[in-house]
Every structure is written in structure tokens, then in C-alpha cells.
Amino acid sequence: MNNQTMKEEILKLKEALHVSIVAHFYQKDEVFELADYVGDSLQLAQWAAKDANPYLIFCGVGFMGQSVKILAPEKRVMMPKIACCAMARMIDVEYFDQNVALLEQSGIAKEAILPVTYINSSAEVKAAVGKMGGYVCTSANAKKIITKALESGKKILFVPDRCLGQNIAKEMGLKSCVVGDGSDPKEAAIICYNGFCSVHQLFDVEDIAFYRAKYPDILIATHPECKPEVCEQSDFVGSTSQIIAYVKQLPLEQKVAIGTEYNMIQRLRKENTYVLSSTKPECPTMNETTLQDVYHTLLSIQKGRFENEMHISEETRKWAYEALNRMFEL
Ligand code: CIZ
Ligand code: SF4
């Protein structure tokens, strides 16, 4: 079957089976084009939770499909590939607990720690954060959530992205550290877990220098998962949706170099748009999902097999919901 025929089959099947398809901004074009709704991880989960169809095909990475289950446990969510975000995989509940224990050994009582987890984490980690009274945040609202969390007078344990944590701390004029970096966590307001996104690590200050030397008027837009020194030298730092809005309002003749995932950049704007790296910044797990996988998933729903369905226990869901809901309440 060629791609065009497969696309047509997918559209027919999804109608007949009452299936909605959502795709993250970082998905391949062939998958992105099929989706009923596209967005960042939070937008997708919120849209899907309200969607009337009983079945959802989520084209993204595992924690994103889990977020739909946290918000709408009755919905049957299938992922064409259960691909795990490399950053989300850097932390599990055991590592989370170990970090809390390490801080206790440094003289910070557990009661004095309020955890905040970036949405790029498993449902189990979100639940552990929820149990301690903590919050989920996204890159778009991290500053607001951390501001609120700091009102508790506690120290923030920010997981899993050390870059996002350090970038927000810098923006807020607060001291931060990374667990195990040798500094005294008692002196930091935001203590970051040592996780990172391998894709956003690709962008370097040398890339910024290269583009600025080549095109003196170029603007640099980066995601806060990039290294602090990269964000510091950028003209704009924002989440995927914020980068899209920023680039769209620029005059077409304005050159811009962007530091985020490749699929999103190349769809964003054809002219005067550059990838802020000499290496193609593709997210390997996001790129695992293909048109064939989506078709295969629909066939499995048709046959009643529901392959790659997402499941989380009610206990995990309940606590993860607490942490997510504290974010929504703000
Ligand atoms: O880098 C990611 O995985 C992002 C930007 C996720 C999201 O929140 O949409
Ligand atoms: Fe995870 Fe990075 Fe891929 Fe986003 S781009 S899904 S943070 S590995």
C-alpha cells in the first residue's frame, strides 16, 4: 500500500471506529498531517480528555499518553509506538526517593522540600510528587508554578530537567544547584535533579556565535530545555507553542535560528528560518511513530485487540492527578 492509499484508509477507519488522533509538534509530517488535533503535551492531553470519541490514538511519547489517562481514565488510549522520552526515562520513583534522601543527608528535612515535576515525567513520578504536595509544570508555566511553590517557604526540588530548572531560577534571580554537583543545596532555592533532554543539549553557544557572525541581524529562539548559557544568549526563550507564536509574528524577511526539535522547525516557516545546529536535532523517540504504525493501531482497534493501550493504576492516577490539578488551579 502506498502512503496516499494508507492515509485514505486511516481516515476511513478512524471515522468508522470513532477514533481521534492527536500528534505532538515533534512528530513526523506524515503523522502530523493526519491528526485531528496537534499541540504541545499539555494541550494534547486537555483536548483529548474533552474529546467525545471513546478511543484515542496518541502520536507522541509515553508520558503524554499517560497524561490523558490521568485526566480521563475512562478513555481508551493507544500509542502507535510506546516510545519513552529520554528525559522522562532518566528518573523513576526510586531515583526520586534517593534524591530526597540525599537532600536529607545534606541537612534539609523532607518536610522542607516541595517537589515540582516538569510534565516530561512518568505518571509514577508525578504521583510521588503529588504525595508530597507538589506540582506538575510545563515549560510555558514553570515560572508561575515555581513562584507559587516558593510561597510555601520550602526548597524546590525540580525534576527531571536540570536545564529548565536552572533557566527558571536564573530568570527569577534565584540561586539553583544540581543534586550531586558538589555545592551545598542548603544555599539554593531551586535544587534540580540531574536530568536533561539529549536533543536540546545539541544547541551550543558556538552555534549562536556562528549564526550571529554570518547574519548580524538574525534572531535566536530557543526552548528552555537548552543549556542555560544558550538560553542566556538567545533573543527569545519559550515553550513550543510560544516559539511558534513568536516566529509567526516576525516579518518574513527577518532571519531566525531556532533551537528545538527538527520536525517542528522545518514546518514552522520555510523562509529565513535556520536550525540552530549543524547536527539534525531529531528526537529519536518522537520519530519512531510512522504512518504504518498508526494504520496498524487502527487495525488492532478494529479487531478488538487494542495493542499498545496505556494503563495506569488507580492509586498512581489519583496522586498524579493531585499534582496536575494543583497546576490547573493556578
Ligand atoms: O521537549 C518536549 O518534549 C516538549 C516540548 C514537550 C511538551 O511539553 O510539549
Ligand atoms: Fe523527551 Fe527531548 Fe524528545 Fe522532548 S525532545 S520527547 S524532552 S527526548
Of 110/175; 81/144; 110/186; 214/255; 28/227, those spanning more than 23 Å from alpha-carbon to alpha-carbon: 81/144; 28/227
The stretch 200-275, relative contact order [Cα under 8 Å, separation at least 6], %: 31 percent
Stretch gain in nm, segment residue 232-residue 50, where the contour uses 0.36 nm per residue and the Cα spacing is subtracted: 61.7 nm
Ordering of 159-167, 284-292 by burial proxy (mean other Cβ atoms within 10 Å per residue, highest first): 159-167, 284-292
Inter-site label distance for residue 206 and residue 37 at 7 Å from Cα along Cβ, in nm: 4.3 nm
Partner lysines for residue 318 [C-alpha distance under 16 Å; skip if fewer than 8 residues away on the same chain]: 69, 75, 126, 131
Cα pair distances in the stretch 105-214, grouped into 5 Å bins until the bin that holds the longest one, percent each: 2, 12, 22, 23, 18, 10, 6, 4, 2, 1, 0
Cα extents of the chain along the three principal axes, largest first (Å): 60, 54, 29
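FYI, it's all coordinate maths here, none of it is from the lab. Just so it is clear, the model here is predicted, and its values are computed rather than measured. Reconstructed Cβ throughout: ideal geometry from the backbone, glycine too, with neighbour counts over all protein chains shown.
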